[in-house]
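Chemist: Encoded as structure tokens, here's the structure I'll be asking about.
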């Protein structure tokens, strides 16, 4: 059956709509995204279930973090990098997750609490072949990059600190003097603007210096 909306575009002599596939672990969020797109005649939402054929016809995929990364990798391997652009919509506004997504080459990253206007704008940007990162996410990344750089030894100390080790154990594991370990911990607290060890670890995770797995 021909797509009524697409035929409507052709009859009016307009360019083809932006074909979008939406997949997310939150069904309520999916419903909201689809409802927003349905109110904009520039955008045509492709219906599930997802398949390679569906991806072949999609210009943009809007997905949660995990599915977004997986689909981005799929488009690189199966479509030679010529598949749909991936727009991740997630709650995480900074840290290792955002950095990993952007370094992997994901085309866009917005937050789940974005406005309908920003959602539409991000899709338009990707449709033009551009990238889009939510301002709040970009600000977090800039803040992270502008912080004092940790030395290799301080990073080693940070990973052990995240696992709950005491200064004495850190000194033993790194084969350094106890006082040296204390100096590294103090430097970490200062650079991470933290007053407690727990706060330092949380801040480090938020800035993408370590992953949440480092603290387990």
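Chemist: Go through the stretch 50-98 residue by residue and tally those that are in contact with a helix residue (DSSP H, G or I) (Cβ under 7 Å, 6 or more places away or on another chain), part of a helix (DSSP H, G or I), surrounded by fewer than 20 Cβ atoms within 10 Å (Cβ to Cβ) and at pLDDT 85 or above.
Modeler: Looking only at that region, the number is 1.
Chemist: Output the helices (runs of 4 or more DSSP H) that fall wholly within the stretch 118-216 and possess 1 or more residues being within 27 Å of residue 88 (Cβ to Cβ) and at pLDDT 90 or above, or say none. I'd like the intermediate steps shown before the answer.
Modeler: Numbers: elements: 135-146, 152-162, 167-174, 178-191, 197-206.
By residue number, 135-146, 152-162, 197-206.
Chemist: Are any residues in the stretch 190-205 more than 22 Å from the chain's Cα centre (by Cα) and surrounded by fewer than 20 Cβ atoms within 10 Å (Cβ to Cβ), and if so, which ones? Spell out how you get there, then give the answer.
Modeler: Step one: filter the stretch 190-205 for residues more than 22 Å from the chain's Cα centre (by Cα), giving 190-200.
Selection gives 190, 191, 193, 194, 195, 196, 197, 198, 199.
The values are calculated or read from the model by the stated rules, or taken from the named source; none is laboratory data. It should be emphasised that the depicted structure is a prediction, and the values quoted were computed from it without experimental measurement. Don't worry about glycine lacking a Cβ; one is built from the backbone with ideal geometry, like all the others, and counts go over all protein chains shown.
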